[in-house]
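One structure is given below, encoded as structure tokens.
The values are calculated or read from the model by the stated rules, or taken from the named source; none is laboratory data. Since this is a predicted model, take the numbers as computed values, not measurements. In this analysis, Cβ positions are derived from the backbone assuming ideal geometry, glycine residues included, and neighbour counts consider all displayed protein chains.
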């Protein structure tokens, strides 16, 4: 066991080992109740102060964000908590990297990168495969989100103006829900403003919101 632990931090192995230790530490904290499952989660649609409809001309910024969102969704990060996904990535990457560097007797960090980087790349697709059964589980947990969001109070994550869509985070009976919304009557609502969700437009899968004063 001591030999395994020593080799796990030798050369390039410290990188997958650090990732695995981070995941283990996170789950211990979750079990103890200090963190919840979404503490280190991402807003996949990106919390950036830009127009979600792609009203970004310079350098094709809107297309870049769309591409990035599609990439994250491809690897199931749109549907499951980030730390769940990272755990399914870290464990096999650590095991395969340590085993191959031990088998090939690689102690050099630079040479070890030739093993670690391909394993990490392959691990992304393995994590996608391993987390696929969990996608339906987490989707089922959020299936009541549209009903819960209407009448809820939230905060704008992007600017809302005219007919442009933006992001709103709404506190529901369960976990906070990130929805796509538009200001009613074309009002201008700044990022970070408190809003009330008043209607769900099912045909557009969009919500109407208005400024809210507590």
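Screening the range 1-120 for helices (runs of 4 or more DSSP H) wholly inside it with 1 or more residues that are modelled with pLDDT under 70 returns the ranges 61-74. Taking the conditions (1) modelled with pLDDT under 85; (2) exposed (fewer than 15 other Cβ atoms within 10 Å of the Cβ); (3) more than 20 Å from residue 139 (Cα to Cα) in turn, residue 190 satisfies each one other than (1).
Checked against the criterion of being in contact (Cβ under 8 Å) with a residue 40 or more places away in the chain and surrounded by fewer than 18 Cβ atoms within 10 Å (Cβ to Cβ), the candidates 138, 121, 129 yield just one match: 138.
When 152, 186 are checked against the criterion of being in contact with a strand residue (DSSP E or B) (Cβ under 7 Å, 6 or more places away or on another chain), more than 30 Å from residue 18 (Cβ to Cβ) and outside the structural domain of residue 8 (by TED's automatic domain parsing), a single residue qualifies: 152. Kindly evaluate residue 192 against the criterion of being in contact with a strand residue (DSSP E or B) (Cβ under 8 Å, 6 or more places away or on another chain) and in contact (Cβ under 8 Å) with a residue 24 or more places away in the chain. Here the answer is yes, as residue 192 does meet what is asked.
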